[in-house]
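Structure, as structure tokens:
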Amino acid sequence: MGILPIILFVIIFILILKGYPVAFTLGGVSILFALGVAVFAPEHMRFLDLGLLPYRFKGIIDNFVLMAVPLFIYMGIMLEKSGLAESLLETMAILFGKFKGGLAISVVVVGALLAASTGIVGATVVTMGLISLPTMLKRGYKPELATGTVAAAGTLGQIIPPSIVLVLLAATISSSSKGGAVVDVGAMFQAAFLPGILLVAAYILYIIVISRLKPDWGPPMPEAEIVEFKKDGFIGKVIKAFLLPVLLIAAVLGSIFAGIASPTEAAAVGAFGATLLTFVQRKFSLDMLNKVMRQTMNLTSMVFLILLGATTFTLVFRMLGGDDYLIELIQQANLSPMAFLTIVMIIIFIAGFFIDFIEIIFIVVPVVTPIFNAYEVDMLWVGILMALNLQTSFLTPPFGFSLFYLKGVAPPEISTQMLYRGIIPFIAIQVVFMAIIILFPEILYIFIEK
């Protein structure tokens, strides 16, 4: 009996790797597998009750936490249209341009600010790729350093709150806990804040070091160009470029950290604030609003369709005793909690080479969460580690989405091999950083009580 859910898991994983639609593969294969058990192994039917599915679906649709997903998506897309990223990039380039590697540092800082404002990886990478990448190449930057910086900085929205990854992880861990600890989205945001900032600092440190060791990789901007930009109202440009995103970040994260609003309520504040910022930037129109709402609907529908399919898979997997079987196997293997955590992190990292972060969350997390609960492991800590690990899925070839986005807008002379070589140091930084969080979990609790 125990091997049946493992067979189901393997079949689904293989089909997804072959490119079949995730939502329909998760849901459809799970139901067909359950019906197959009913026909060929009816003695196990007492474990299966697909009549529970409508109640599980209703639980997802009624989940107040998941309402934050479309609101954060709307906020990110609206800010993409506001032109905020362009003014930020131009201003930061002048502020840091006189230093070696200054343009790359400005890209990382802007990536962090956009992450705390939007959290939409595709929009961030494309915007910075269109504006900053040609400038860096024109200034003589090593293509690998330029492309690696843009791709890595664009993924910071996966760990710096407000992050859709953190919302989905918290919801999935809580729904999969089987009576274990519930992970609050607000606590997840607070725990992820400092690791996100430290990761930004690690990126900047790497850029500074490599620019010192290899000065021709990241030359400073010409002094004449910096002076020209500073001639006409420079202080006003800086204030305008920084004030708007900082106000939005303060409204969203500040209301959560202060306990004034739940993450979902803060997401609504962010969506409203992003619309106001677009008004201020004089970019708002009814046509643009229509496009933003359509994009929001499409992305939200995709996420929730996958979530419904994942719920079907989880229900069938559990009713076949998959989680109990895995717990029993691991207990028989005498694995320590740290050994099991290491195995899970390696699986997620390797899966990130081939499938999207949403698919990994909805396939892997429901399977491993009950086992972590059996070990009495802190799921908030595990959730942050998973988020950091999932961030690498945007960077790891051959299917790193950040690389796809950047390749689509990069100049013709930028080859795929350059993208791959450029991203390796940043992936290494993230792996080392994950190891640091594993060894020093107290980093997560500086802003919250354990």
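Where a number appears in this text, it was derived from the coordinates with a stated rule and is not lab data. Just so it is clear, the structure is predicted and the values come from calculations on it, not from any experiment. Here Cβ is always computed from backbone atoms with ideal geometry, including for glycine, and neighbour counts include all displayed protein chains.
For n ≥ 4 DSSP H runs only, could you compute -39500 (n - 2.57) per run for the chain, divide by its residues and tell me the 222 nm figure to the nearest 500?
-24500 deg cm²/dmol
Quick check on the exposure proxy: order L277, L103, L335 from fewest to most C-beta atoms within 10 angstrom.
L335, L277, L103
Which order do T416, T149, T369, T312 fall in if you start with the one that has the fewest other Cβ atoms within 10 Å?
Final ranking by Cβ density, sparse to dense: T416, T312, T369, T149.
Where does each of 377-385, 424-432, 158-166, 195-203 land if you order them by average Cβ count within 10 Å, highest first?
158-166, 377-385, 195-203, 424-432
Using a basic spin-label model with each label point 7 Å from the Cα along Cα→Cβ, how many nm lie between I14 and N63?
2.9 nm
As I understand it, the value is the acute angle between the Cα axis of helix 102-117 and the longest principal axis of the Cα atoms of the chain; what does it come to in degrees, rounded to 10?
50 degrees
With an 8 Å cut-off on Cα pairs and a minimum separation of 6 or more residues, tell me the relative contact order of segment 3-445 in percent.
Dividing the mean separation by the residue count of segment 3-445 yields 28 percent.
If the only charges are +1 at each Lys and Arg Cβ and -1 at each Asp and Glu Cβ, what is the size of the charge dipole of the chain around the Cα centre, to the nearest 20 debye?
For this selection, approximately 1060 debye.
How long is the gain from A435 to E223 if the chain were fully straight, where each residue apart is worth 0.36 nm and the alpha carbon distance is subtracted?
The span from A435 to E223 would gain 72.2 nm if fully extended.
Please report Rg (one decimal) and Dmax (integer) in Å for the Cα set of the chain.
When restricted to the Cα atoms of the chain, Rg and Dmax are 22.8, 81 Å.
Set the Förster radius R0 to 41 Å, insert the Cβ-Cβ distance between M297 and F354 as r into 1/(1 + (r/R0)^6), and round the FRET efficiency to 0.05.
The calculated FRET efficiency here is 0.90.
From the residues I249, G129, L156, which one has its Cα farthest along the dipole of the chain in the positive direction, the dipole being from +1 and -1 charges on Cβ of Lys/Arg and Asp/Glu about the Cα centre?
In the chain, that residue is G129.
Computed FRET efficiency, Cβ-Cβ of D287 and E86, R0 22 Å: what is it to the nearest 0.05?
For R0 = 22 Å, the calculated efficiency reads 0.65.
Would you work out which of A201, A333, I306 lies farthest towards the positive end of the dipole of the chain? Charges go on Cβ: Lys and Arg +1, Asp and Glu -1.
Value: A201.
At what distance in angstrom do the alpha carbon centres of segment 340-388 and segment 93-164 lie from each other?
First find each Cα centre; the distance between them is then 28 Å.
FRET efficiency for I7 and I443, Cβ-Cβ distance as r, R0 = 41 Å, nearest 0.05?
With R0 = 41 Å, the Cβ-Cβ based efficiency is 0.55.
Using only the alpha-carbon atoms, how far is helix 263-280 inclined from the longest principal axis of the chain? Give it as 0 to 90 degrees, nearest 10.
Around 30 degrees separate the two axes.
Exceeding 21 Å between C-alpha atoms, which entries from my cross-link table qualify? They are K100/K407; K81/K240; K81/K138.
Pairs exceeding the cut-off: K100/K407; K81/K138.
Dipole size in debye (nearest 20) for segment 324-438 around its Cα centre, Lys and Arg Cβ +1, Asp and Glu Cβ -1?
Using only the charged Cβ atoms, the result is roughly 440 debye.
Measuring from label point to label point, each 7 Å out along Cα→Cβ, what is the F272 to K214 span in nm?
Using points 7 Å along Cα→Cβ, the separation is 5.0 nm.
Could you identify which residue out of G270, G154, G321 has the top mean-square fluctuation in a GNM of the chain using Cα springs shorter than 10 Å?
Of G270, G154, G321, the most mobile in the Gaussian network model is G321.
Sort M418, M188, M297 so that the residue with the fewest other Cβ atoms within 10 Å of its own Cβ comes first and the one with the most comes last.
Final ranking by Cβ density, sparse to dense: M297, M418, M188.
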